[in-house]
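Notes follow once the structure below has been shown.
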Amino acid sequence: MSEVIEPLEQMCGTLIERKKALRAALSKLPRRKLGHFPTPLDKCERFSASLGGVSVWVKRDDCSGLAFGGNKTRQLQFVLGDALASGADVIIQGAASQSNHSRQVAAASAKLGVKCVLMPRQDKKASVVQGNALIARLFGAEIEPVPNDASMKEAKDRTAARLREAGHTPFVVGMGAERALTLAALAYIDALLEIVDEFEYRGEPLPTHIYTTSQGSTQAGLLAGARLLGLNIRVVGINPMDASNEAYVDVSAIEQQAIGAAALVGYSIELKPGDVENCTDFVAPGYGLPSPEGQEAIAMMARLEGMLFDPVYSGKGLSGMVGHIRSSVIPSGARVVFIHTGGLPALFSYSDEMLASGEA
């Protein structure tokens, strides 16, 4: 792994000056206010003590304020800001039936007064409308189901083409939508600025590690932000899916999202092999299926900190961080921030699995 720390030629000066320059660049981009920011940063003392030798904080993007919150709320401020600035009048998203992204897209579209078409995959959780699927419908999204074995990218492209023929200007988000994914990464440059501000305000040394559940954009933005600010913070993504899933992107794509996000704020960065650490070791038994390690990590946080995570997304990322602490991938004495990406409504769709695990 390559450590970040040589100052960029394009952005020199103190950390204070770099933060000011980044905020000025971000302020020039289209953005729509959708949530409550900055989100809280909680120090998890009992959880940390249970693992021994490592200090853990949780950045509470589950508290971002829109429709049960989540990382997509932060991201959609930039994504939909760009979409509306370009004249879009329909937002299209397709994903799993219990997609956190879809729920937040539906809420954001309702708040901004723009038509939303959701295309849920008819997977194992599609038969009962609850959790994220129920909430998305409450926001008035139009629902166009997609067979479980169909290509979601192709289905979204067909819907976009049909809407264009009908005189609309659609904007596609999620898998396959490269501009939207890069815009989403911008939001986590902004989140890193919040984290640095909070640690400085508390008089604490900055974190040594940032962990998050990420398929791409969340990790890409954090990595770009650390590079732009010249910070020696190791950014690790725990991926809830692997290459068997259509939505999976590899490390080279995450690298390009980070480079693209930096370019959108006017800077160029270089990343070397190993700079993007995106781990698929905690996917089993598969995307959308709870894991024993995830269930254990969820129970630990619930019982030690009164904090909830979901079994599909944020809980698997949490299990990855716990696994890395226990195996000393994260060394003793490290200071770790875990980005809580939300996903709490999914808990109610996995009640049988949670109870069967013995952790609930």
Only helical DSSP H runs with n ≥ 4 go in: add -39500 (n - 2.57) per run for the chain, normalise by residue count and round the 222 nm mean residue ellipticity to 500 deg cm²/dmol.
-13500 deg cm²/dmol
Translational diffusion coefficient, Stokes-Einstein: compute it for segment 71-172 using the Kirkwood radius over C-alpha pairs as Rh, at 10 °C and 1.306 mPa s, and state it as an integer in µm² s⁻¹.
117
Summarise the long-distance tail of P(r) for segment 243-324 by giving the % of C-alpha pairs beyond 17 Å.
57
What relative contact order, as a whole-number percentage, does segment 71-172 give when Cα pairs under 8 Å and 6 or more residues apart are counted?
33
Give me the three principal axis extents of segment 186-249 from the C-alpha atoms, as integers in angstrom, largest value leading.
44, 18, 16
Taking the Cα atoms of segment 224-360 alone, what are Rg (to one decimal) and Dmax (as a whole number) in Å?
16.4, 51
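Filter the cross-link list Lys156/Lys272; Lys33/Lys156; Lys125/Lys272; Lys153/Lys272; Lys33/Lys59 down to pairs whose alpha-carbon distance in this structure exceeds 28 Å.
Among Lys156/Lys272; Lys33/Lys156; Lys125/Lys272; Lys153/Lys272; Lys33/Lys59, the Cα-Cα distance tops 28 Å for Lys156/Lys272; Lys125/Lys272; Lys153/Lys272.
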From the C-alpha coordinates alone, can you work out the Kirkwood hydrodynamic radius of segment 134-205, in Å?
15.7
Which residue fluctuates the most in the chain, going by a Gaussian network model with Cα springs under 10 Å, if the choices are Gly342, Gly176, Gly266?
Gly266
Please build a GNM for the chain, connecting alpha carbons under 10 Å apart, and tell me which residue among Ser332, Ser48, Ser127 fluctuates the most.
Ser127
I'd like to know how segment 1-128 sits against the 2.2 N^0.38 Å rule of thumb: what's its Cα Rg over that expected value?
1.37
Quickly rank 279-292, 102-115, 73-86, 156-169 as a protection proxy: mean count of other C-beta atoms within 10 Å, highest first.
73-86, 102-115, 279-292, 156-169
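Among Leu34, Leu206, rank each residue by its count of other Cβ atoms within 10 Å, from fewest to most, as a rough exposure measure. Could the numbers behind the result be given before it?
Values: Leu34 24, Leu206 16.
In order of increasing Cβ crowding within 10 Å: Leu206, Leu34.
Just so you know, all these numbers are worked out from the coordinates, no wet-lab data involved. Remember, predicted model here, so these are calculated numbers, not experimental data. Cβ: placed from backbone, ideal geometry, glycine included. Neighbour counts: every protein chain shown.
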